[in-house]
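Below is one structure, written out as structure tokens, with a few remarks after it.
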Amino acid sequence: MLRLIAAKDLIEYLRDGRLYLAGGVVLVLLFTALGVGLERHAEVAAERVAAQGLDYDDWLAQPERHPHDAAHQGMHVFKPQSPLAILDPGIDPFVGSTVWLQAHRQSEIKFRPAQDATGLQRFGELSPAWVLQVLGPLVIIVLGFNAFAGEREQGTLRQTLSLGVSPVRLLWGKALALCGCVAMLLVPAAVVIGATMSAANDFSASDTVARFGWLTLGYGLYLGIAAFGVLAVSALASSSRVALVALLGIWIAGVTLVPRAASDFARVWYPSPSRLEFNTALDSALGEASARAWQAEFGVTTRWGTDVPLDRWGQALQLDDNVSYPVVDAHFERLWGTFDRQQALQEWLGLAVPLLAIRAYSMGIAGTDFAHHREFSVAAERQRRTIQDIVSEDLVEHADARGAGHFDYRAPAELWAKVPRFEYRPPSVLWAVRENLLGLSVLAVTFAAAVALAHLAAVRRSRS
Amino acid sequence: MLEAIGVSKRFGDKLALDGVTLSVEPGEIYCLLGANGAGKTTLINVFLSFLAPTEGEARIDGLDVGRHPIETKQRVAYIPEQIMLYGVLSGLENLRYFAALGTGKKMSRPELLDLLASVGLDEAAAVRRVSTYSKGMRQKVGIAIAMAKQARAFLLDEPTSGLDPKAASEFAQLLRKARDNGVAVLTTTHDLFHAKQTGTRIGIMKAGKLVADLEGADLTDADLEALYLKHMGA
């Protein structure tokens, strides 16, 4: 019976032209977004492979030179791009995919305004995720606003119910029709993703397939919320016109006003420092830690005076590095912890506005969220410290007391080869799912609530 | 088969049904006469559990419609004054859809066309979209839907409204055939002639009350008209 009801509704959507119009526009946008994403993915991947090889080769090809100069040259490392970035580029466009590993400081790429914006800026960017998140519910509204209200106005609802059709079955039949229409939108995305998975990348094919499966689950819940929500409003509304106005109002609030307000609210509730404040606090803490260490090690805090001649420069650099690591880690942990709490608060608000939950979940499973970026940044920082430790150790070993002549020291090319090539394996799908359990749970709970509301509304409508 | 036991229905201050008690047995056609607002349609709505009675109980096949709204509706076929169909579907598609919903079975195209032909709708008309139909043509599709259901009871609310005399006469024949097959029919009408022609029993409603409950065979046309006018206060 469900299929019968769904098939009838689908025929209606096709014959009255709504599916062609609404679905057609969305399909065109979806294909355009997929095309753009695919092209961007291919370009970035090609550039990354070429640049990473060149950059490490450049490091190895350095002539004999002072180790600290080499450390300042550093090297670039590149974040692997998830194939699912085609679907949801997440924060990648705002944080980039390159980290410059250089002496003294953890790369600032880890702290960009986009990190705590959680995709807010992406509203101006066309991606398949944006189409599904923002336009998917709109298509469902256009198709389903009169599912109950219109039938009630026409009298066909009464005709149907008089046959002994359960209102709950009628509801699920109509939901099946709506979900069937929206599912058609996901098929092209699946095809494109399938095609890109055959290309070599750092995410394994099985991992990508699994991630795509989890993404499908998330979007299924999200669009299911929209479908049952639309049906509930349609069943409760006194007319299809009222239903349409109410649903468009909810949609506008849900995709524009509330996400912005939620982002601001999260920042007010869990304040994060500005970039300037963060850097000032970090520099101050580093200065204090360094001064304490110098006092303990050398008995002075004055830099490069007579008490600490340049022949102890390597030792001093090593000392500064070692005391800076825990200070830097603590500051970034605090900052990232604040970002995490802001993010979690927004995901909880997804109970009222599911867009907030699916946006975070989608980025998380696609591998383009801040958590993935942070994992990469931590690995990159480990590599930077490896470089730093190797060159500082060499300076300690080759310390001499020639004053300014100290800078004449040239390390042999073999030293550069001690630095291993940067190898980074992105986190697995299970890690991504664990990181995004809150978002998934919020979507599941909201879906259950939408189904319950639609049930109540349909049963109520059948009695009036 | 169809029983109303002291059924009352109040809408705010207005008493739409006032303690109506009647029963329709298998093989009976009970015609309810009454002016607009007498409560005829309200009673049909109570039987269909679209309205819950304020007092009393309506039963179909012994089941309380309030407690068993789905099961009781599955046992009846309903034809309203104006059959509402899906305009973008053809008459044939509407019949296929509603018949499948009502019976849980898929009927073949020839079966559906036969059914439509039996109510006076030929194939050329059957495959046209319902949005192009006249009211009478829609009503015929509605009658076909009811027939397809092969229900044990019919609830008919002004079913011949909009039908031409020939179609109305054919419909009366269909009702008599259904009666002969043991179907219990409760039908509302303004049409005294139709009531006399088809009804085995005739009830007259006024201001929510059943003011007369008569055997059709005992009445002449003149008797019925006189009674009706008397109760209508003319």
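FYI, it's all coordinate maths here, none of it is from the lab. Treat the numbers as computed from the prediction; the structure is a model and nothing was measured.
Details
- Length gained on full extension, residue B:181 to residue B:13, computed as 0.36 nm times the residue gap minus the Cα-Cα distance: 56.3 nm.
- Counting Cα-Cα pairs of region B:25-68 in 5 Å increments starting at 0 gives whole-percent bin shares of 5, 20, 25, 23, 19, 7, 0.
- Spatial extent of region A:258-392: Rg and Dmax, with the Cα atoms as the point set, Å: 20.3, 66
- Cα-only radius of gyration and Dmax that characterise the protein assembly as shown, units Å: 38.3, 136
- Average Cα contact separation per residue, chain B, under 8 Å, 6 or more apart, as relative contact order %: 29 percent
- Helix runs (DSSP H) in chain B reaching 18 Å along axis by Cα, Kyte-Doolittle at least -1.0: B:135-149, B:165-180
- Gain on full stretching of the segment that runs from residue A:46 to residue A:61 - 0.36 nm per residue minus C-alpha separation: 3.2 nm
- Out-of-range pairs (alpha-carbon distance over 24 Å; input A:8/B:40; B:73/B:106; A:8/B:166; A:174/B:140): A:8/B:40; A:8/B:166; A:174/B:140
- Principal-axis tilt of helix A:370-397 within chain A, Cα atoms, nearest 10 degrees: 10 degrees
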